[in-house]
Structures are given as C-alpha cells and as structure tokens.
1. Take ALA33 and decide whether it is farther than 14 Å from VAL69 by Cβ and either without any contact (Cβ under 8 Å) to a residue 24 or more places away in the chain or assigned to a helix (DSSP H, G or I) (or both).
2. Across segment 1-30, what is the total count of residues that are under 12 Å from VAL66 (Cβ atoms) and either part of a strand (DSSP E or B) or polar (S, T, N, Q) (or both)?
3. What pairs can you find where one residue is in segment 42-64 and free of Cβ contacts under 8 Å to residues at least 40 places away in the same chain, the other is surrounded by fewer than 18 Cβ atoms within 10 Å (Cβ to Cβ) and small (Gly, Ala, Ser), and their Cβ atoms are less than 6 Å apart, with a gap of 6+ or different chains?
4. Which one is surrounded by the most Cβ atoms within 10 Å (Cβ to Cβ) among residues in segment 61-77 that are within 16 Å of VAL16 (Cα to Cα) and either of a type in the set (Lys, Arg) or at pLDDT below 85 (or both)?
5. Looking at this structure, is ALA58 touching a Ser or Thr at 6+ places or on another chain (Cβ under 8 Å), modelled with pLDDT under 90 and in a helix (DSSP H, G or I)?
6. Going through segment 10-47 one residue at a time, which ones are polar (S, T, N, Q) and crowded, with 18+ Cβ neighbours inside 10 Å?
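The values are calculated or read from the model by the stated rules, or taken from the named source; none is laboratory data. Because the structure is a prediction, the values reported are computed rather than measured. All Cβ positions, even for glycine, are placed from backbone atoms using ideal geometry, and neighbour counts span all protein chains on display.
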Amino acid sequence: MTGADLLALALRERGVEFVTTLCGNGLNPFYLACRDANIRLVDCRNEQAAAYMADAYARLTRRVGVCAVSSGIAHVEKPLKWASTYCARSSSLGSDAIREPARGISAEQAC
C-alpha cells in the first residue's frame, strides 16, 4: 500500500465522491488509487478551474471539495485560490503531486 492509496482511502472514508484535477506527471499513483477507491476524477482545462470547482462544490454542499494538481505553474496559481477559500471559510482540500522522493520529481504537500 502506498501513500496515494492511503490518501484515496481516507478521502473515500470521508465521503469524497470525486476529485477535480489537471492531469500531470506526478499524479499517476494518486489517479490509480482513486480508481481503486471508486473516486471519480474530473479533468479540468487548467489549475484555476480545478480549484474553483472544488471550492464551489464545498460551498454549495458543505462537504469537502478536493483538487489535485501536478507541478509547475500550479504551485503559483493554486495558493492564491486557497487564500480566498480560507477567507470564505470554505472546506476545500488541495493536494500537489505525490511521488516517491527518490525519483526526484516532487514531494507531497497539502494546503
């Protein structure tokens, strides 16, 4: 069992039905874990759309909205969105790429 598997199972236990995302290199293990946990993936055109969709879902349903993005510009754009969700007291969760550190791609981070 990997960290991605544990994360997907924890999300499923908390009632998460889908994750908004922009497909990226570091997310493949998480995508496979979501498939195994029966969590639907909603691919978006860009990182901002994924973050706003997760936030809108959280605000409208009072449940946790989850957004997963890879690397690059996502690390610059997503914190701006999470700042506004924090100020609005929205229950959104953001996750960056999940890879084994030995591969040197990126480390796990959570907002």
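1. On the way: farther than 14 Å from VAL69 by Cβ: yes; either without any contact (Cβ under 8 Å) to a residue 24 or more places away in the chain or assigned to a helix (DSSP H, G or I) (or both): yes.
Criteria met by ALA33.
2. If we filter segment 1-30 for residues that are under 12 Å from VAL66 (Cβ atoms), which is where we start, we get 7-8, 10-12, 14-21, 30.
Filter once more, keeping what is either part of a strand (DSSP E or B) or polar (S, T, N, Q) (or both): 18-21.
Summing the residues that are under 12 Å from VAL66 (Cβ atoms) and either part of a strand (DSSP E or B) or polar (S, T, N, Q) (or both) in segment 1-30 gives 4.
3. ALA58/SER91
4. Of segment 61-77, the ones within 16 Å of VAL16 (Cα to Cα) are 61-68.
In the following step, the residues that additionally are either of a type in the set (Lys, Arg) or at pLDDT below 85 (or both) were identified as 62-63.
Values: ARG62: 9, ARG63: 14.
Among them, the one singled out is ARG63.
5. Details: touching a Ser or Thr at 6+ places or on another chain (Cβ under 8 Å): yes; modelled with pLDDT under 90: yes; in a helix (DSSP H, G or I): yes.
So ALA58 fits the description; yes.
6. THR20, THR21, listed by residue number.
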